[in-house]
Structures are given as C-alpha cells and as structure tokens.
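Structure in structure tokens, see below.
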Amino acid sequence: MRILGIETSCDETAISIVECSGNIASPHFTIIDSIINSQASLHAQYGGVFPTLAKREHIKNLPILLETLMQKHDQKNIDAIAVTQGPGLEPALWTGIVFAKELGAQWNVPIIPTNHMEGHIISPLLQAHQEEVRFPAIALLISGGHTQLIKVSSWGHYEIIGDTKDDAVGEAFDKVARILGLPYPGGPHISRHAALGRVRHTISPFACPRPMLHSKDYHFSFSGLKTHVLYAAQKIGEPTPEEVEDIAQGFEDAVTEVLTKKTFKAIEDTGACSLIIGGGVVANTHIRETFTQLCKEHNISLFLPTQEASTDNALMIAAAGYITYLKGNLDTTDFKADGNLAL
Ligand code: KG4
Ligand code: ZN
C-alpha cells in the first residue's frame, strides 16, 4: 500500500510518499518521494525552536509542500495518510493533524496516527536492500528532544529501558555550541570543530566528566556536562579557535563514551543481537564511526538511517504508520495531538 506521511512535530515541515509492503515480521519500504522544509534558520535567532513560530510556518508550508509533491503523483494511488500524533510540540503537532484530517476527508482515505519515536526506530529500514533486523534489538534514540534506550522485541513492541534525567543529547550539543558562540542547531558545528581538534590530537586536552557512566541503570544525564563546559568557557573568556576545537572534541568524546558504554551494557543485559540508532544526532560522524567499530568487535548487526532519514522527516512517519496499520490501529479520526505520547 502507498502511504502519504506528514511530519510537523518540531521545526521541520515534511511530506512523503512511501510504498509499504510485507507483514509485521518483515516490513519493506520503498521511497517514492519526499519533500521537507526546515525552519532551523528562522529559529536560530531564538537559540532553539519557538513553538508559535513553528506552528505559523507549518500552516503556511503544508499546502505548498503538498501541491509541489502531488504535481508528480496521482492522488488516487494514495491508500492512507500517516501523521505524527506525538511526541513533540503540541501547537506544531496540531497543524499536521488538522491538515491530515481535512485531506483524508477530501481524498476519502484513512488517517493513521503515528508515533514520532517509532518513526526514528524504523528509519534505518528506509534504505534499499536493507537486511532484516534480528530481535531482540536495542534502539538508541538520540535527538534534540530525546535520549532513550529501547528494547525492541519485534516491530511494534517496545520497552523504554533508559532515558535522560535532564537534557537530551542533541540539546546538550546545541547548548554547548551556544556557549562557544556557534550557531543553532549546534550539533553539526560541534562535530566539525571536534574533527579539527582530532586532527591535532587523539585525546583532547580539555577533559570532561562522564555523567552516570557507572550507574547500574541505563539512564543518562547531560546537563552537568554542559555546565562543566560553561564554567570552563567563562574561565577562558575569549577562546582561541584551537581552544574551541579542544572543548568540542572533549565534549564529543565524553558524550560518545557515555552513549556507547550504556548502549553496550543494554545489549549485553538483554541479549540483543541488533542495534538500531535513530535521531538527528546519528548524523555525528564520530558517534557513527565509534558505534560501527564497536558493533564489528562485538558481532552486533548495526542499523543506521541515511542522512535523509536521520533528522526529522516524513518518510519515517509513513513507515511507522504502516506498522500501526498492520497492528490494526487504523483511522481514529477523533485522535488528538499528544506532546508526551508514549511508545
Ligand atoms: O531528530 P532531530 O532532527 O530533531 C528532534 O527530534 O530533535 O534532531 C535534531 C538534533 C539537534 O539537536 C542537532 O544539533 C542534532 O540533532 N544534530 C547533531 C548533528 N547533526 C544534527 N548533533 C551532533 N552532531 C551532528 N552532526
Ligand atoms: Zn525527531
């Protein structure tokens, strides 16, 4: 079946068309088309996403994106519409839901309320010729809003076993970037500066703490790490380009070590044979490379989304919508936006 996906949970307005087939044990996805409008540059002046502005932009962009996409596709081939129900910013989520409901009524197709986090979990399957995920699997979701470890027993069956106590990892990247005077969203800038530091030395002279590294659970905490960078930056005053690189590298190393140690503890304790990583922070080269190396050493199958499918997008929403459809939760036209929607 062909699903139109709609995503408006944060600052990306996105619409996609995905051909979905297979059963819940073995779903398959073929990308037909996708269009995305990022508002990141508009929110940059606020140093984070400003919900009212996001809402206004989604309302403006959704009809434009749909018209552009549907110029190339026949509406009669769309069998259902999957829309993000949550989690996310409620005013932003509402815009997508209202738009989807109106479109569903107009096209006479069912609406599938979809979980954004399930979208990130399923995002690696959007790659062509993807091998099948063996279960149990561990999913590590690292984005601007989430840092979660999830036990995946099968598609559609999830148990959150670890979460952040304070800042999400992407949020920490963004805050550290701000401290260093780098633009929003800060993740890619920290990553670039850290890579320059890594050319000069494998271990940064700027040592950072590893919060909760030895706690017996799978939880995370990143706000202390951010505060450590803040105090160090205040002490330095005006950092030189090399000092910015050293701090970025020290911070990235600490985050990577905490993420990898906790994830592999979860893998060992649950007997998982696959690791799925999703969310915008998976775009980070150092984190990707470190996980790739460790998975090879531990003989764990690693599933990473492409760049296109890692940051917020509507392809993953269409794919997750298909899982919801296969589970039989179809067309609840009276559903509401839920900013804290659980998996
Ligand atoms: O999944 P996503 O697009 O949106 C949310 O659901 O939050 O993730 C956005 C987050 C931002 O915090 C951004 O700084 C971070 O992903 N990010 C990165 C990189 N690229 C994006 N963090 C570290 N390194 C990167 N290369
Ligand atoms: Zn996301």
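Each reported figure results from applying straightforward, stated rules to the coordinates on display, with no laboratory input. This structure is a prediction, so every number in the text was calculated from the model and none was measured. When we count neighbours, we look across all protein chains shown, and the Cβ atoms used for this are built from the backbone with ideal geometry, even at glycine.
Which is the longest run of the chain containing none of the trypsin sites (Lys or Arg not before Pro) found in DSSP loop states (not H, G, I, E, B) with at most 15 other C-beta atoms within 10 Å?
Of all site-free stretches, the longest is 217-326.
Right, next: How large is log10 of I(q)/I(0) for region 283-330 at q = 0.15 Å⁻¹ when the intensity is taken from the Debye formula with one equal scatterer per alpha-carbon?
Log10 I(q)/I(0), no solvent term: -0.58.
Can you tell me the 0 to 90 degree angle between the C-alpha axis of helix 51-70 and the longest principal axis of the chain, rounded to 10?
Taking Cα atoms only, the helix is inclined about 50 degrees.
Rounded to two decimals, what ratio of Rg to Rh does region 177-322 give with C-alpha atoms and a Kirkwood Rh?
0.99
Ordered by residue, what ³J(HN,Hα) values in Hz, to whole numbers, does region 212-222 give under the Karplus form 6.51 cos²θ - 1.76 cosθ + 1.60, where θ = phi - 60° and Gly and Pro are x?
6, 4, 9, 5, 7, 9, 10, 8, 10, 8, 10
Any idea what Rg and Dmax come out to for region 1-89 if you just take the C-alpha atoms, in Å?
14.7, 45
Ranked by Cβ crowding within 10 angstrom, fewest neighbours first, how are GLU12, GLU19, GLU67 ordered?
Listing GLU12, GLU19, GLU67 from fewest to most nearby Cβ atoms yields GLU67, GLU19, GLU12.
Turning to a different aspect of this structure: Expressed as an acute angle from 0 to 90° and rounded to the nearest 10, what is the orientation of the C-alpha long axis of helix 169-179 relative to the principal long axis of the chain?
50 degrees
Taking the Cβ of LYS175 as the centre, find all other residues whose Cβ is under 13 Å away and add up their charges (Lys, Arg: +1; Asp, Glu: -1).
Taking every other residue near LYS175 into account, the sum is -2.
Now for a different question. Provide the descending list of Cα extents for region 259-343 along its principal axes, expressed in whole angstroms.
So the extents along the principal axes, rounded to whole Å, are 48, 28, 22.
Can you grab the distance from the C-alpha centre of region 130-157 to the C-alpha centre of region 214-255, Å, no decimals?
Distance between centres, Cα-based: 27 Å.
Figure the gain on full extension for THR292 and THR52 (residue separation times 0.36 nm, minus the Cα-Cα span) and round it to one decimal in nm.
Between THR292 and THR52, full extension yields an extra 82.5 nm.
Can you pull the semi-axes for region 105-197, root of five times each eigenvalue of the Cα gyration tensor, sorted largest first, whole Å?
Output for region 105-197: semi-axes of 30, 19, 15 Å.
What ranking of ASP338, ASP217 emerges when the number of other C-beta atoms within 10 Å of each C-beta is taken as an exposure proxy, fewest first?
ASP217, ASP338
While we're here: Using alpha carbons only, how many degrees (0 to 90, rounded to 10) separate the axis of helix 241-270 from the longest principal axis of the chain?
60 degrees
Expressed as a whole percent, how much of the Cα-Cα distance distribution for region 23-74 exceeds 13 Å?
Everything past 13 Å amounts to 68 percent.
As a test of understanding, state the convex hull volume per residue of the chain from its alpha carbons, in Å³.
Cα-based convex hull of the chain, divided per residue, equals 127 Å³.
Any idea what log10 I(q)/I(0) is at q = 0.11, 0.19, 0.20 Å⁻¹ for region 146-233, Debye with uniform C-alpha scatterers and no solvent?
Evaluating at q = 0.11, 0.19, 0.20 Å⁻¹ gives log10 I(q)/I(0) of -0.39, -0.95, -1.01.
Tally Lys and Arg at +1 and Asp and Glu at -1 over the other residues with C-beta under 15 Å from the C-beta of ASP11: what net charge comes out?
Net charge in that neighbourhood comes out at -4.
What fraction of the DSSP beta bridges in region 1-130 is antiparallel, stated in percent and rounded to the nearest 5?
65 percent
For the chain, what is the percent of antiparallel DSSP beta bridges, rounded to the nearest 5?
Just about 60 percent of them are antiparallel.
Please compute the Kirkwood hydrodynamic radius of region 55-209 from all pairs of different C-alpha atoms, in Å with one decimal.
Here the Kirkwood hydrodynamic radius works out to 19.0 Å.
Cut-off under 29 Å on the C-alpha distance; same-chain residues fewer than 8 positions from LYS336 excluded. Which lysines are left, in chain and number order?
Partners found: LYS55, LYS60, LYS76, LYS101, LYS151, LYS165, LYS327.
Select from GLU159, GLU243, GLU131 the residue whose mean-square fluctuation is largest in a Gaussian network model of the chain (Cα-Cα springs shorter than 10 Å).
Most flexible of the set in this elastic network: GLU131.
Divide by every residue of the chain the summed helix terms, -39500 (n - 2.57) for each DSSP H run of at least 4, and state the resulting mean residue ellipticity at 222 nm, rounded to the nearest 500 deg cm²/dmol.
Working: 11 runs with 148 residues, N = 343.
-14000 deg cm²/dmol, from helical runs alone.
Taking just the alpha-carbon atoms of region 196-260, what radius of gyration and Dmax come out, in angstrom?
Considering region 196-260 through its Cα atoms, Rg and Dmax are 12.5, 39 Å.
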